[in-house]
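**Student:** Next up is a structure, given as structure tokens.
The values are calculated or read from the model by the stated rules, or taken from the named source; none is laboratory data. Just so it is clear, the model here is predicted, and its values are computed rather than measured. Every residue, glycine as well, gets a Cβ built from its backbone with ideal geometry; the counts of neighbours run over all protein chains shown. Accessible surface areas use protein heavy atoms only, side chains included; no ligands, DNA or RNA. Shrake-Rupley method; radii C 1.70, N 1.55, O 1.52, S 1.80 Å.
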Amino acid sequence: MHLSNWLIFCGVTLLVAFTPGPAVLLAVSNSIAVGPRRAMISSLGNAMGLFMVSAAAMAGLGVVLTTSAHAFMALKLAGAAYLIYLGIKQWRSRGSVFSDLNPSAEPGTHRSSWRLFGHGVTVALTNPKGILFFSALFPQFLTQDAPILEQFAVLTTTFALGSVLSHAFYVLLARMLKKQLGDPRRSRVFNRVSGGAFVLLGLSLLRLPNKAA
């Protein structure tokens with residue numbers, strides 16, 4: 001693909017990636033709960049989910065979502081339900097939505113890491129905006145006389161790296177503010193604000209218009 005196309009795509013990627021969304025909110029929440037290093041596990045899971053979403057879009061799922069109201073509605077409801085679930089759990093938590101993950105507990109470390117990774121993957125897979133984003137954006141940057149598979153790999157890798165970079169930025173920012181959030185009152189406010197944000201993001205998915213009548 002042309003270098004100019006890739007550079008423009010990098011700019012679009014950074015703009016989209018640094019715009020707060022479910023994955024960024026998850027990264028911040030994890031950073032407060034389990035520390036910045038382990039918080040990036042969910043970000044890596046989200047990157048893996050983006051590759052799966054990109055592959056699904058390339059396989060034609062994006063077309064299905066734009067033509068089938070039932071398929072779009074099913075994915076939209078699944079994504080909204082998952083985000084609302086995270087929001088309610090965060091809102092009701094005294095510490096964090098991931099307070100049950102104790103980094104010092106050796107027996108649960110491996111399982112907890114997979115759980116963090118799984119949360120990141122699930123957030124990526126249950127957001128219909130992701131598939132529509134990939135299926136709508138990629139064609140604008142593809143070169144017809146070049147191998148399509150390689151171009152998809154380059155664009156998806158670029159977007160995934162941009163996503164991880166944005167998460168690292170927000171994780172470090174949350175780490176800097178951790179002392180302020182360590183106070184029980186402020187921690188409670190953080191849980192309420194972030195929990196409410198998860199719920200609002202879930203409800204925003206429900207308002208996403210169907211692509212088929």
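Condition check ((1) open to solvent by 10 Å² or more (accessible area, probe 1.4 Å); (2) farther than 29 Å from TRP91 by Cα; (3) not β-branched (Val, Ile, Thr)) across all residues:
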residue: ASN5; (1), (2), (3): yes, yes, yes
residue: CYS10; (1), (2), (3): yes, yes, yes
residue: VAL28; (1), (2), (3): yes, no, no
residue: ILE41; (1), (2), (3): yes, no, no
residue: MET48; (1), (2), (3): yes, no, yes
residue: PHE51; (1), (2), (3): yes, yes, yes
residue: ALA55; (1), (2), (3): yes, yes, yes
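**Student:** Considering only residues that are among the charged types (D, E, K, R) and assigned to a helix (DSSP H, G or I), look in region 72-96 and name the one that is modelled with the lowest pLDDT. If you could, list the steps in order and put the result at the bottom.
**Tutor:** Quick first cut of region 72-96, residues among the charged types (D, E, K, R) only: 76, 89, 92, 94.
Then keep just the ones that are assigned to a helix (DSSP H, G or I); that gives 76, 89, 92.
Working: LYS76: 73, LYS89: 77, ARG92: 79.
Going through the qualifying residues, I end up with LYS76.
**Student:** Which pairs do you get when a residue that is among the β-branched types (Val, Ile, Thr), found in region 196-207, comes within reach of a residue that is assigned to a helix (DSSP H, G or I), reach meaning Cβ atoms under 8 angstrom, with the pair 6+ apart or on two chains?
**Tutor:** From residues that are among the β-branched types (Val, Ile, Thr), the pairs are VAL199/LEU83; VAL199/ILE84; VAL199/GLY87; VAL199/ILE88; VAL199/TRP91.
**Student:** Among residues belonging to region 97-132 that are β-branched (Val, Ile, Thr) and in a helix (DSSP H, G or I), point out the one that is modelled with the lowest pLDDT. Can you show your working first?
**Tutor:** First pass over region 97-132, keeping only residues β-branched (Val, Ile, Thr): 97, 109, 121-123, 126, 131.
Retained after the next criterion (residues that are in a helix (DSSP H, G or I)): 109, 121-123, 131.
Values: THR109: 40, VAL121: 93, THR122: 91, VAL123: 89, ILE131: 73.
Step by step, filter region 97-132, then rank; the result is THR109.
**Student:** Which number in (1) open to solvent by 70 Å² or more (accessible area, probe 1.4 Å); (2) modelled with pLDDT of 70 or more marks the one condition that PRO139 misses?
**Tutor:** It is condition (2) that PRO139 fails.
**Student:** Follow-up. Scan region 161-177 and tell me whether some residue there is open to solvent by 30 Å² or more (accessible area, probe 1.4 Å), modelled with pLDDT of 75 or more, within 22 Å of PHE51 (Cα to Cα) and polar (S, T, N, Q).
**Tutor:** Within region 161-177 (the criterion being open to solvent by 30 Å² or more (accessible area, probe 1.4 Å), modelled with pLDDT of 75 or more, within 22 Å of PHE51 (Cα to Cα) and polar (S, T, N, Q)), the answer is no, since none of the residues qualifies.
**Student:** Being crowded, with 20+ Cβ neighbours inside 10 Å and among the β-branched types (Val, Ile, Thr) is the filter here, so list the residues in region 12-26 that pass it.
**Tutor:** Matches in region 12-26: THR13, VAL24.
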